[in-house]
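Since the structure comes first, as structure tokens, the remarks are kept for the end.
The values are calculated or read from the model by the stated rules, or taken from the named source; none is laboratory data. From a predicted model like this one, the values you see are computed outputs, not experimental measurements. Glycine gets a Cβ as well: all are built from the backbone with ideal geometry, and neighbour counts include every protein chain shown. SASA here: full protein model, heavy atoms, side chains in, ligands and nucleic acids out. Shrake-Rupley method; radii C 1.70, N 1.55, O 1.52, S 1.80 Å.
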Amino acid sequence: MSTNRDRVPMSEAPRTTVWVLGDQLNRSLSGLVDATPETHRVLMVESSAKIHSKKWHIQRAHFIIASMRRFAEELRAEGFDVDYRRAESLSAGLQAHRRDHSPAEVHVMEPASWNGLALVRSLDCTVVRNSQFLCHYDEFAQFAHQRSLTHKTLKMEDFYRWQRTRLGYLMDDDGLPVTGQWNYDHDNRLPPPKDAATAFTAPVVDDLDDLDHRIIDELRPWCTGEEPMGMWATTRAGALRRLDHFVDVVLANFGPHEDAMTTQSWHLAHSLLSPYLNVGLLHPKEVCDRVQEAYEHGRVAIASAEGFIRQIIGWREYVWGRYWSWMPEYRTRNDLQATMDLPPVFQDPDRTQMKCVSDVLKGVRTRAYAHHIQRLMIIGNLCLTAGVEPQQVNDWMWANFIDGAEWVMLPNVIGMSQFADGGMMATKPYASGGAYIHKMSDYCRGCAYDRTKRVGDDACPFTTLYWDFMARHEQRFARNPRVAQQVRAAFKLTDLPQVRERAVEVRARLAAGEL
């Protein structure tokens, strides 16, 4: 089905088409920045194949489609002829556009996925360098190569310091960090405050309009999760309001509690800006510039400013670079040979008595969101220690998180969360028992399971699975300096045989949706 205008008159001179993909929604990006209504036409394609490729969370699907349609209207208001098509596939939409408009050329900015780039290259498009990141993946490759000439390893911290130096964030005139300290991560590990219910300001929410409701009606048969409630902006103006809110109101509290988890506040002081960065409604430079300005004017402490900028120019762009370095083989890595199917609790959070797991997964169902520690140390930790197939974990997160994208999820899930790449992304597996969850959250209070117990019907599944995981992978981790001590500790447990028997039961009950 096509919503394009009538075919172009033969007398009209062919114009260049700029093909704007659904995660490139910014007038200043390289595909659009030099385009004018007089010289360029814009193509946007809604692909039904993409919509039906996964059981998407409805808030994720609505966010993308509503943002695309609103961006098309903004371009039309600027005077552009926008051919917005709803087609079976991206290639079908492009083929129909070429048939109807006979463009002189089709320009498209590099897609953010390996398959997407291969597709546009195969379709005789002029591919424009991606400008959505502060470090293009070929620049990352050059940095990694130079680093390999002098060092055996490349860690995110190395990349982060290089990024800060070349971009100038939180640096003095001598090219040194403004306080003489690069990293405040150690100061940003406080548990949630006792007054968490009132300590953190509520996010910005917008009213839904007729367009939102039409899209929701279209998507409802194909999607899962609770319907949108105005939490996630679908225009640049809405994204900018949320950026203002974060910098002016929320950022000051970000640093100290960025690793905390609590039932009293799902958002704490997290920015909630990642979806807008990932689809182009915000650019990382403007976000970091605002944080830098807030620090320079004394409105936020260095720990909060540095912690947030590190997430953007450090971790986010490191993930982007690693994705392109390791694809396409990376997506199939499963070095720990994990084969368990994704447990039923991921479809129904009520099918568990684990308070932490239930709370986080209910939050995903309600808002298509969980913050990074919940993703890593609750969802990821459970799947890692239970032995869930990493590709199933990745697909679920990709489909259910508002900021999901392949380039984001693969390094974070296959590497950081599930250690399925054997240590390419992280130097240790991020596994923990109930002690860590108790330290960083209030989840253990009132839980049916006892975090201090390894065996017994009320033993915390995380505690049981943690020690079993260390014993199960003894050969792999015994020489890893970051976890070797825990492996040795596992084999000093007098009840290790009973722990491993209990772990078999835990995995069976988890698989049956009865834990």
Practice task
With respect to Leu190, determine if the residue is assigned to a loop (DSSP other than H, G, I, E, B), hydrophobic (A, V, I, L, M, F, W, C), at pLDDT below 95 and open to solvent by 30 Å² or more (accessible area, probe 1.4 Å).
Solution key: yes
Practice task
Evaluate segment 495-515: report whether one residue or more is assigned to a loop (DSSP other than H, G, I, E, B), open to solvent by 10 Å² or more (accessible area, probe 1.4 Å) and among the polar types (S, T, N, Q).
Solution key: no
Completion exercise
Cβ pairs under 9 Å, 6+ apart or interchain, first in segment 134-158 and closer than 21 Å to Asn183 by Cα and hydroxyl-bearing (Ser, Thr, Tyr), second open to solvent by 50 Å² or more (accessible area, probe 1.4 Å) and not in a helix (DSSP H, G or I), ordered by first then second residue, are Thr153/Thr427
Problem - Positions within segment 29-46 being open to solvent by 30 Å² or more (accessible area, probe 1.4 Å) and β-branched (Val, Ile, Thr), in sequence order - result: Val33, Thr36, Thr39
Problem - Exclusive hit being more than 16 Å from the chain's Cα centre (by Cα) and either of a type in the set (Gly, Ala, Ser) or open to solvent by less than 10 Å² (accessible area, probe 1.4 Å) (or both), set Leu336, Leu342, Leu382 - result: Leu382
Handout entry: Filtered residues of segment 211-242 (kept if of a type in the set (Val, Ile, Thr) and over 26 Å from Lys362 (Cβ atoms))
Key = Thr235
Exercise for the section: Would you mind telling me which numbered condition in (1) more than 29 Å from Pro203 (Cα to Cα); (2) basic (Lys, Arg); (3) surrounded by fewer than 18 Cβ atoms within 10 Å (Cβ to Cβ) Lys362 fails? Expected result: (1)
Handout entry: Filtered residues of segment 109-166 (kept if of a type in the set (Asp, Glu) and closer than 20 Å to His97 by Cα)
Key = Glu110, Asp124
Exercise for the section: Answer yes or no as to whether Ala269 is open to solvent by less than 10 Å² (accessible area, probe 1.4 Å), at pLDDT below 95 and closer than 22 Å to His297 by Cα. Expected result: yes
Handout entry: Residue check for Gly238: under 22 Å from the mean Cα position of the chain (by Cα), at pLDDT below 95, open to solvent by less than 60 Å² (accessible area, probe 1.4 Å) and of a type outside the set (A, V, I, L, M)
Key = no
Fill in the blank from the handout: Counting only helices (runs of 4 or more DSSP H) entirely within segment 216-299, those with at least 1 residues that are closer than 27 Å to Lys55 by Cα are 236-245, 274-279
Exercise for the section: Identify the single condition in (1) assigned to a loop (DSSP other than H, G, I, E, B); (2) open to solvent by less than 70 Å² (accessible area, probe 1.4 Å); (3) among the acidic types (Asp, Glu) that Asp173 does not satisfy, given that it satisfies every other one. Expected result: (2)
Exercise for the section: Look at segment 176-187 and say how many of its residues are open to solvent by less than 80 Å² (accessible area, probe 1.4 Å), free of Cβ contacts under 8 Å to residues at least 40 places away in the same chain and within 24 Å of the chain's Cα centre (by Cα). Expected result: 0
Handout entry: Subset tally (residues that are farther than 17 Å from Ile379 by Cβ and open to solvent by 10 Å² or more (accessible area, probe 1.4 Å)) for segment 450-462
Key = 9
Exercise for the section: Return yes or no: is Arg147 of a type in the set (Lys, Arg), surrounded by 15 or more Cβ atoms within 10 Å (Cβ to Cβ) and either in contact with a Phe, Trp or Tyr (Cβ under 8 Å, 6 or more places away or on another chain) or part of a loop (DSSP other than H, G, I, E, B) (or both)? Expected result: no
Exercise for the section: Select from segment 47-86 the residues that are more than 26 Å from the chain's Cα centre (by Cα) and either touching a residue at least 12 places away in the same chain (Cβ under 8 Å) or open to solvent by less than 40 Å² (accessible area, probe 1.4 Å) (or both) and list them in ascending order. Expected result: Glu74, Leu75, Glu78, Gly79, Phe80, Asp81, Val82, Asp83, Tyr84, Arg85, Arg86
